[in-house]
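Some notes on the structure that comes next.
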2 protein chains.
Amino acid sequence: MDYYDELLQRLKDIDLIGQLGSLLGWDQEVMMPPRAAALRAEHLAWVSKEGHTRKTDPRMGELLDELEGREDLDEIQMANIRLARESYDKATRLPTEFVSEMAKHNSRALISWTEARKENDFSIFRNDLAKSIEFARKKADYLGYENLRYDALLDIYESGLTVSRLDPLFEGLRDKVAPLIKSVAERGRRPNVSWVTENSWEQEGQERLSQMVSESIGFDFDAGRRDASTHPFCGGPNPDDVRWTTRYSEHDPFGSLYGSMHETGHGTYEQGRPRELDFQPAGKANGLGIHESQSRLWENQIGRSLEFCHWSLPLWKEAFPEKMQDIDAEMLWRAVNVVEPSLIRVEADEATYNIHIMIRYEIEKLLISGDLEVDELPEKWDDMYEEYLGVRPTDNSSGVLQDIHWSMGAIGYFPTYTLGNLYSAQLLSAAREDLPEHDLQISRGDFSPLLDWMRRKVHGRGSILEPAKLIEEATGEAPSPEAFVDYLRDKVKRLYSV
Amino acid sequence: MDYYDELLQRLKDIDLIGQLGSLLGWDQEVMMPPRAAALRAEHLAWVSKEGHTRKTDPRMGELLDELEGREDLDEIQMANIRLARESYDKATRLPTEFVSEMAKHNSRALISWTEARKENDFSIFRNDLAKSIEFARKKADYLGYENLRYDALLDIYESGLTVSRLDPLFEGLRDKVAPLIKSVAERGRRPNVSWVTENSWEQEGQERLSQMVSESIGFDFDAGRRDASTHPFCGGPNPDDVRWTTRYSEHDPFGSLYGSMHETGHGTYEQGRPRELDFQPAGKANGLGIHESQSRLWENQIGRSLEFCHWSLPLWKEAFPEKMQDIDAEMLWRAVNVVEPSLIRVEADEATYNIHIMIRYEIEKLLISGDLEVDELPEKWDDMYEEYLGVRPTDNSSGVLQDIHWSMGAIGYFPTYTLGNLYSAQLLSAAREDLPEHDLQISRGDFSPLLDWMRRKVHGRGSILEPAKLIEEATGEAPSPEAFVDYLRDKVKRLYSV
C-alpha cells in the first residue's frame, strides 16, 4: 500500500472514532437519563483514549515524514498531509492517560455545571471548574507556547491565534462599537416591544416556526434532526446526520427562532461538506471561526434583516395568529434588533455581542495566568458586566453559569465567536457582489442563491485552505473587521437614526 | 498484574465496546435520520470489528489457559472464566473480516426490511434476506455443529440448545395447547370487545398509561427512557441507561400497554443486574430465555391477571375517562385475554403465541437446510398460518415481513421466546410459594414483593450460573413445560369454562 493510501486509511479510522464521540456527546445532552452520567463518562473516556492512541501512533509520524516535501501532490493531498501533521503534533504532545482523565473530568463537570445552573448555585460547579482550569494549564504546558500559556489554548480552536493578534482586534471593535452602543442608549428611540413581552408564546408555535424557517433556509431534515436541550448546539456524527438543538421560553419567542437559525447555519455548513472527501481532514468544516461565520450569517445578517422580516411575517402569523394580528414587518424587524446591553450572551444583540465575548476573553486570560482565583470569579464576572455593559447579574445562573463551554473544558474557544462575526459580514459583503438581487431574494424567501454561494465558496472547500486563506479566496481580501463595523453602523443608523 | 486482573481488564474493554454498539443500535431505531443509514453501517461495522479483534486476541486464549483448572477460584471467578471461554471460542471461529461484512450487511438489511414492510412489498427485502441466510449458513459452518447447521445458530442464543432438544418441546406444547385452542374456538363464548374495537384510542392516553404502569412496576426512569419505534425493543448501554420502546395504534390500546409491560420486564431485569460485577460477563443478564421470562412475566402472568385488571382499571379510567365509563375489571380482563388465532406474533394471546414461534422455528430449519427457497417463503409462511392457526395473511406486512429479527441476522433466536414463556410460569409458580399474599398484592398494585423476589433470585444472580441451573436454583426444579401448561389450562377454564 502506498504511504498516502495508508495515511488515508488511518485518518478514516480516527474520523470514525470522532463520529462515535459526536453521537455520544449529542445523546448525553439530549437523550441520556440522569443516572447514566458516570458510565457515559467511561464511554467518552474510552473513545477519547482510542482516538488518541491512533492519533499518536508512531507510524503516523513515519508516514508524514515520508510524504512531506513530495512534489507530486495535489491541493487536497497537501491539505490532508498538512492537517494530519498539525493533529499529530498536537496529539503527541498530550499523554494518552492525561487525555483520558481530562475527558472523564469534563463529563463529570458537565453534570455539575448543569446542576449548578439549575440550582443557581456556583458552589456546586466550583471545584470541577477549578480542576478544569488546572487541566487547561497542563494542556497548554504540554502543547507549548512562545509567550502566554493562553496562546496555546487559543491555537487549539483557530490555528495561529494568539493574544497579541486578538488584543488589538477586540480593542478595535471596542473603539468603534462602544460609541455606537452609547449613542443608541443616549439618543435612540427604544422600539415598543410590549406586544412581545406582554404575551405568552406557546412552545408549539415556536417549534413550528423554527422548523419552517430551518427547512426554508435549506437544512435537510432527511439528514438531520431538531431537538431541545439546555444549551443549544449543533452536533451529530457526519454530513448525513447533523443534529441541532434549540430551547424554548414562553416569555420570548425570538430566542428559539434565532437560536434555530444560528444552529441551522452550522448545520447547513456540515451538510454542505465535500462528500468525495468523507473521512478526510481536508473534507471537514474549516475551524470554529468559519463555522461561526455561517451561523451568524443566518442568525443575524439574514435573520435580522428587514427583508427577512417581510418574508417571515406570514409564518409568524400562521404560528401565532392572534398575537401577531396587528404586527407588521417593520415592527417585527425593530423588535428583533433592539440594541440594549443585557446579561445573556446567546440572547445579546449584534452590537453588544462582542462585548460579552471580550469579557470572557479577559477573564480566561486571568484564570489561566492565575491572576484571578476561581472563588473571585463570580464577582469579577458581575463587575465586568457592570463596567462594560452597565448591567449587573442578580444571580449566577444568568451570570457566570450561563455558558456550557468551561464545563466542557473549552477554554480559549469564545474568541472564535467574534472571528465568526467578522467573517460573516465579510462573506456576505462579497456574496452581494455576485448576487445583485440578494435583498429581493431574501424578501421572497429565496435563500438558495445565498446558500449555493456559501456551498461553492465555503462549505464545499472543506479545510483544503487555512481559514484566513479561505476567507481571502472567497472574498478577495484578507480577514478584517471593516465589513462588520460598516454593516453595524449602517444598521444602527437605519434603526435608531444615530 | 495477575492473570485474572488482566482478564477482567480485557473483558471491560470488550464490554465498553458492546455498550457503544447498543447505543448506536438504539439510536438507529429511534432517532437517526433516514439518510444516515449508510454511514451508521460504517459505525456499527467499526464497533463490531473492534470488539471482535479484542475477543479474538491470542492473549485471551493464553490467559484462559492459565486460569482454567485453578483451584482457588470463587463462584464469580469461575463464571467469568467459563463465559470468557465460551465467548473466545465462538469469536475465534469467526474471521474478523466476515464479522465486519456481516454487520454492514445487517445494517443495510434493516433498512430494506423497514422499507419492504412499509410498502408491503417482499421483493424489496428479498435479496438482502437471501444474503442474510447465506451469512447465517457460513456463520454456522465457522462455528461448527454435530448434527444440523441450525444447531450452531440455536446455540448462539441459548447455550447448548439443539433441534433434538427443541423438537419434542414444541411437539409437547402443541399436543397440550392445540386442544385447548380448539375447545375455545368450538365451545368458548367470545367476550364482547366492541367497546375496544368501536372506539378510537388517542396516543396521548396510551402513553400516559404505559408510563404509569411501567413506573408502578418499578422501572427507574432516572436510569432509562421510553420512546416509540416501529418494532418495540429494550436496549441501551448499561443498567444506568436502559431504553425501551413501544408503538401505538389508535385502533388498539392494548398493544402499546402490553408491549410496554413486556419491555418493562426486560428493562427491570437490566436495571437489577449485580452492579458490583459491572463490565464482567458474570454480571450480565443470563441469556435470552431468562430475559424473555422476565418480559413475559409482567406482560402476561401479571399483566393479564384479573388482579392486575382490578388495580389498573382506575388508571384506564384516568387516561380515557369517557371510553372507560361503563367498563369494569372483569370486562377489561376478558378483553385482554381473548384466545383467538391471529396473524401478528407480538399481538398474539398466550395460548396461540407458541404456535407463532413454532412456525418460525420450522421455517428457519427449512431455510438453513436449503429445503425452502427465499422465493417460496411468503407462500410457505401463509400456508403454515392457515394450517396451524386457521388464518391466512392477506399481505406480507402482516405476514412474513412482520418481525425485525431476520433483518438483523437473528436466525435461531425465536425459540428463546418459547423458553421464556415456560420459565416465566415456572418462576411465578415458585415465587408464589414465598409470597402467599401475591394475588392480593397485585390487586393493590404492590409489585415490589414480586420484583424483589426476581431481583434476588434472578436479576442479582447475573450470569453466574448457566440458564438451566439458574432456573433450578430459583425454583427448585429443572426447566419444564408443566407450570406453563397448568397455568394456561387453569386460565382458559376460568375465562371460557372449557
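Taken together, the values in this text are just the output of simple stated rules run on the coordinates, not laboratory data. Predicted, not measured: the structure shown is a model, and the values here were computed from it. Note: ideal-geometry Cβ built from the backbone for every residue, glycine included; neighbour counts use all protein chains shown.
General observations
- Shape category assigned to the stretch A:163-496 from the gyration tensor of Cα positions, a/c cut at 1.5: rounded
- For the residue pairs B:LYS118/B:LYS182; B:LYS182/B:LYS380; A:LYS118/A:LYS493; B:LYS365/B:LYS469; B:LYS12/B:LYS90, alpha carbon separations beyond 30 Å are given by B:LYS118/B:LYS182; A:LYS118/A:LYS493.
- Per-residue HN-Hα couplings for the stretch A:397-405 [Karplus 6.51, -1.76, 1.60; θ = phi - 60°; Hz; x = Gly/Pro]: 4, 9, x, 5, 8, 6, 9, 7, 4
- Of the residues B:ASN120, B:HIS52, B:PHE279, the one whose Cα sits farthest towards the positive end of the charge dipole of chain B is B:ASN120 (charges of +1 on Lys and Arg Cβ, -1 on Asp and Glu Cβ, taken about the Cα centre).
- Kirkwood radius, the protein assembly as shown, all distinct C-alpha pairs, inverse of mean reciprocal distance: 31.5 Å.
- Ordering B:LYS493, B:LYS55 by the number of other Cβ atoms within 10 Å of each residue's own Cβ, fewest first, gives B:LYS493, B:LYS55.
- Total charge dipole magnitude, the protein assembly as shown, about the Cα centre, Cβ charges on Lys, Arg, Asp, Glu only, Debye to nearest 20: 700 debye
- Spin-label model distance (nm) - B:ARG456 vs A:SER480, 7 Å beyond Cα toward Cβ: 8.1 nm
- Remark: A:ASP446, A:ASP74 ranked as A:ASP74, A:ASP446, counting other beta-carbon atoms within 10 Å and listing the fewest first.
- Taking label positions 7 Å along the Cα-Cβ direction at both B:SER369 and B:ARG275, the computed distance is 5.0 nm, reported to one decimal.
- Inter-label distance, nm, simple model (7 Å from Cα along the C-beta direction), B:ASP5/A:ARG247: 4.4 nm
- Against chain B, whose longest principal axis is taken from its Cα atoms, helix B:287-296 shows a tilt of about 20°.
- Per-residue average of Cβ from other chains inside 10 Å of B:250-263: 0
- When both bridge partners sit in the protein assembly as shown, DSSP labels roughly 45% of those beta bridges antiparallel.
- Options A:PHE170, B:LEU73, A:PRO314, ranked by Cα towards positive dipole end of the protein assembly as shown, top entry (Cβ charges): A:PRO314
- Nearest 10 degrees, 0 to 90: helix B:37-55 Cα axis against chain B principal axis: 50 degrees
- Likely footprinting exposure, A:GLU340, B:GLU86, fewest C-beta neighbours within 10 Å first: B:GLU86, A:GLU340
- Test item: Cα-centred dipole of chain A, Lys/Arg +1 and Asp/Glu -1 on Cβ, debye: 520 debye
- Inter-chain Cβ neighbour count for A:235-243, averaged per residue, equals 5 (cutoff 10 Å, partner chain atoms only).
- Helix B:122-143 and the longest principal axis of the Cα set of chain B meet at an angle near 50°.
- Taking every residue in A:33-45 and counting other chain Cβ atoms within 10 Å of its Cβ, the average works out to 6.
- In the distance distribution for the stretch A:185-297, Cα-Cα pairs more than 18 Å apart total 54 percent.
- The charge dipole of the stretch A:3-144, taken about its Cα centre with unit charges on the Cβ of Lys, Arg, Asp and Glu (plus for the first two, minus for the last two), comes to roughly 860 debye.
- Restricting attention to the stretch A:163-496, close to 45% of DSSP beta bridges with both partner residues there are antiparallel.
- Projecting the Cα positions of B:ALA84, B:LEU11, A:ALA228 onto the charge dipole of the protein assembly as shown (unit charges on Cβ atoms of Lys, Arg, Asp and Glu, taken about the Cα centre) puts A:ALA228 furthest along the positive direction.
- If R0 is taken as 45 Å, the Cβ-Cβ distance between A:TYR142 and B:ASP167 corresponds to a FRET efficiency of 0.10.
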